[in-house]
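Worksheet: one structure, shown below.
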Amino acid sequence: MAWKFRFDKYIYFTYNQSMRGIFAVLFLFMINLCCFAVTPEELSQQATAFYSDNNFNKTMDLLLQINEKDRTAQDWLLLGNLLDDKGERDNAIFMYQKAINVDKKFYKAYYNLANNYADNGQYNMAVANYKKAASLNKENPYVFYNLACAYIKLGELNKAKSNLNKAIMLKSDVPEFHYNLAYVYKQLNKEKLAQTYLDNFNKLTGSTNP
């Protein structure tokens, strides 16, 4: 039975964010250009709007216009995401760490930092940052899921089991949660429990695989 990570970088707006809001930001941006200098807060809002619209080049341009001392944790997070998407892992890590320096309770930066470490096979570092993210937000199932995946890679199956159960308690309709828990129980020689969660996976996916 195979298993896989599921990484979910945090952003502040989804792709289907109301275009009305985006156009409003752009309209204010044009007025500001004509009348007075744009503040760091306005640049940050505009960058977030462009990021939500998948205009990553414009997002980067706007964020780089903000003086480093004025950047919010969110600004640093977005810079990290942009660099990570370009494959600049070390620079992305630096940006996530800058976000944490600005706001020690910004769990999304710990989460994305952990994803980066896990993607690079640095599972102990991933665990440390997933645990920090989980301590700051106990309601996000994917934090516990990815933490469990990192524990699986480290061979710590009981810790993986515990965190997969937490993920399922928070969100029971994600097939991967059940599949990976079935895998863990299989490795722990608990065949009946493994089959139970494999059956759950099959129900959620409509699969008939044994």
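Annotation note: of Tyr96, Tyr145, the sole residue that is on the phi < 0 side of the Ramachandran plot, in contact (Cβ under 8 Å) with a residue 24 or more places away in the chain and not charged (D, E, K, R) is Tyr145. Just the residues that are of a type in the set (Ser, Thr, Tyr) and surrounded by 14 or more Cβ atoms within 10 Å (Cβ to Cβ), please, taken from region 180-210. Within region 180-210, Tyr183, Tyr185, Thr196, Tyr197 meet the criteria. Screening the candidates Gly121, Gly155 for the property of being modelled with pLDDT of 95 or more and over 12 Å from the mean Cα position of the chain (by Cα) yields one hit, Gly155. In region 128-144, the qualifying residues are those that are aliphatic (A, V, I, L, M) and crowded, with 19+ Cβ neighbours inside 10 Å, and the one that is nearest to Lys108 (Cα to Cα) is Ala133.
For region 145-178, filtered to residues that are of a type in the set (Ser, Thr, Tyr) and surrounded by fewer than 22 Cβ atoms within 10 Å (Cβ to Cβ), the residue that is farthest from Ala134 (Cα to Cα) is Ser172.
Report whether or not Asp84 is buried (at least 20 other Cβ atoms within 10 Å of the Cβ), charged (D, E, K, R) and either at pLDDT below 95 or on the phi < 0 side of the Ramachandran plot (or both). Judged against the criteria, Asp84 is a match.
In region 39-78, the residue that is nearest to the chain's Cα centre (by Cα) out of those that are part of a helix (DSSP H, G or I) and among the β-branched types (Val, Ile, Thr) is Thr48.
Of the residues Lys132, Lys98, the single one that is farther than 24 Å from Leu154 by Cβ, assigned to a helix (DSSP H, G or I) and not β-branched (Val, Ile, Thr) is Lys98. Counting the residues of region 158-199 that are polar (S, T, N, Q), assigned to a helix (DSSP H, G or I) and within 25 Å of the chain's Cα centre (by Cα) gives 5.
The values are calculated or read from the model by the stated rules, or taken from the named source; none is laboratory data. Since this is a predicted model, take the numbers as computed values, not measurements. Cβ atoms come from the backbone with ideal geometry, glycine included; neighbour counts cover every protein chain shown.
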